[in-house]
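Each reported figure results from applying straightforward, stated rules to the coordinates on display, with no laboratory input. This structure is a prediction, so every number in the text was calculated from the model and none was measured. All Cβ positions, even for glycine, are placed from backbone atoms using ideal geometry, and neighbour counts span all protein chains on display.
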Amino acid sequence: MPRKRLRPDHTLIVYKFWAKPSAKLPQAFWDKAKAMRDTWNSLVVMREETQEKAKTLEEKEKKSLWADFQPDCRKLVKKSGLDWEAQGELLDRFQAASRRAIKYKQRLRQEHGLKKIMIPHRFTGGGEPVNTLFTTSGQAWRVKIDPVSETAYLSNNRDYLRDRWTRGNFGIDKDTIISFETIIHRPIPQGSIVKKVMWCGSFNRNLHPQNRWQWSIQIVVEQAPIQVERDDSMACGIDLGWRIMAEGSYLRIGMISDSVGRNIELRLPLVGTGTRSTRRSHTYSQYQDFTGLLELDSKIGNAVEHCKAKLRELLPVEKTAHLTQVRQFGLRKILRELQESGEDTEAQSYLEKWEEEDARLRLIKATVQGRLIGRRQWLYQNLACWLTKTYRVVVWEGELELKVMAEQKDKSQALAAASRYRQWASISNLRSLIKNAAQKNGCTLTDGETAYSTLTCWECGEAIEKNTGALFLICPQGHRHDQDVQAAKNLLNQAHIPQTRAESLIIHENLRKVIVPCS
C-alpha cells in the first residue's frame, strides 16, 4: 500500500485510547516532557519580544521582522536538544496556537509546571499502514501494540469487551521504552494510514494523589470517507444553542427541521443524569446530576462566608478590614501567616478545619463533575453519530461566535437566563464532534447564512422587527413559530431540497431523552 496521501477527500481522524503504564515512568520520560515545556516557553517569550519590537517599527520593517521570526523559531527548537519528532510537533503546535491567538486577539501563555504532556512519534513518507502498528514483532521499538482479534467487536457484551484489552510499548528513545495496558474500544479501519502516535497525559490536582495523572494513547490516522447507503434527499437544518427549558429540568441545545417535515428537539438533561451507584454511592448519592453541582458550589461558598464571619469575631479589626472580597486563596494566605507566627490560636484551628472541609467538598465536586462531563461527552458522541448517519446533508450555522453571543450586553431575556449554563452546554464541543462524525459517516455539512434566520418567518418570509426574548415569535402576517424551529427551517430552505416522503425515525433507547421529536 502506498504511504502517500491518496486523495484530498481523505480526512485526519484521532483515535484516543486510555492507557495505564505497567511500571513507574522512567526519568528519561519526565526529562523529555520538561525539555518540551521549556522549549515552548522560550518560543512564547521570543514571540512576545518580537511583538514588542514590532510596535515601534514601520510597516515594511514589521514584515521583515516577522519574516525572520519563523527561521529563528526553527533555530531555537533545533538548539533544544530534542529529537526531530518532538521538534516538529512543537513547531506545528506553536504555529497553530499563534494563528489562533491572532484570530481571537489573545496572548500565548507559558506553561508553569507539568499539566499536559504530549510526546509524539511521527511517520514520514506520508505515514505507515495501520497493520504495521498492531504487530507482535519485537523489533518495533517506537510504537507497538498487540493486535486485537476482529471477533472482539462482534458484540458489546462483557465477554467481547474483555477481548479488547491488550498491551503495547511506546519508546521514548532506543534505551527507554514504556510498557502499558490499554483497551482498543473501537477498531481502526483497515486501509488507514497512521500519521503519528502520541503518548498524552493530563494532570488534575483535585483527584486522588495516585490518580492525578490520566494517560492515553492518541493515534492520528488518514482515512478514506465511508460510503453510507442512504437517501440522498434526506437533509436537515439544525440550529444549535442553549436555552433553559421545563423549569430547569433540561437544556435545549438544538432544534432540527428535516426534509420530511419533522421538528426534533435536542436536549441535555440537567436532572436525573446520574450514573450507576458505586461502592462510594453513599458519599455521592445526593450529587448525581447538575443540581448536585450547584448545591456543592453553594456549600463551598457558604463555608467561605461562615469562615469570614468567624474570623471577624476571633481576629483584631485591623486584620479583618479586607475580608469582604476575600475568597479561598485569601483565607489560605491568612492561615499560612498564622502558622508562620507560631501562635496556636483559635482562629488558626478554625481555619485548619475549614481548609480540610473545603478540600473535601472540592474533591467531591471534581469527581461528580468528571462523571457528568463523561456522561455528556458520551451523549454528544452518540448524538453526532445518529445525526450524520440519519441525514445525508446537514445545514447549520457557519462560524458560530458563541462567546460573543453570550457576552453581548443587549442579549435577550432567555439568553440572559441561560447564560450560566453556557459552559455546561459546551456547544463548541458538540459542533466539533458533529464535524468528526460527518467525516467518518459520509455526511455533508453545509454552512448556512445565519443573518436574520431567527427573525425571518419561514412561512411567508416577513421580517420580525424585534426579538422580544420569547420562545414563540409572531410575524406581521400573524404566523406564530418557535424561534429555534424557525431558524432550523430557514437553514434547511437554503439547501433547496424538496420535501420527501415520511420515513420512520430510528432513535436508540439511550438517546430518547436527548433526541425528542415534537410537532
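Observations on the model:
- Those residues of the range 94-145 which are over 20 Å from residue 198 (Cβ atoms) and of a type in the set (Val, Ile, Thr), in sequence order: 102, 136
- Meets criteria (touching a residue at least 24 places away in the same chain (Cβ under 8 Å), within 31 Å of the chain's Cα centre (by Cα) and buried (at least 19 other Cβ atoms within 10 Å of the Cβ)) for residue 354: no
- Taking the criterion of being out of contact with any strand residue (DSSP E or B) (no Cβ under 7 Å at 6 or more places or on another chain) and in a helix (DSSP H, G or I), the residues of the range 437-451 that qualify are 437, 441.
- Complete set of residues in the range 246-263 that are in contact with a helix residue (DSSP H, G or I) (Cβ under 9 Å, 6 or more places away or on another chain), assigned to a strand (DSSP E or B) and within 27 Å of residue 374 (Cβ to Cβ): 251, 252, 253, 254, 255, 256
- Hits in the range 457-480 - residues which are touching a Lys or Arg at 6+ places or on another chain (Cβ under 9 Å) and buried (at least 19 other Cβ atoms within 10 Å of the Cβ): 458, 473
- Test: residue in the range 64-85 that is hydroxyl-bearing (Ser, Thr, Tyr), touching a residue at least 24 places away in the same chain (Cβ under 8 Å), within 30 Å of residue 174 (Cβ to Cβ) and surrounded by 11 or more Cβ atoms within 10 Å (Cβ to Cβ): yes
- Conditions (1) within 29 Å of the chain's Cα centre (by Cα); (2) charged (D, E, K, R); (3) exposed (fewer than 13 other Cβ atoms within 10 Å of the Cβ); number of the one not met by residue 181: (3)
- Residue in the range 115-122 that is closer than 27 Å to residue 38 by Cβ, surrounded by 13 or more Cβ atoms within 10 Å (Cβ to Cβ), over 25 Å from the mean Cα position of the chain (by Cα) and among the β-branched types (Val, Ile, Thr) present: no
- Residues (surrounded by fewer than 12 Cβ atoms within 10 Å (Cβ to Cβ), under 29 Å from the mean Cα position of the chain (by Cα) and part of a loop (DSSP other than H, G, I, E, B)) located in the range 139-173: 155, 156, 157
- Complete set of residues in the range 33-84 that are within 21 Å of residue 118 (Cα to Cα) and either in contact with a His (Cβ under 8 Å, 6 or more places away or on another chain) or among the aliphatic types (A, V, I, L, M) (or both): 33, 35, 36, 43, 44, 45, 76, 77, 82
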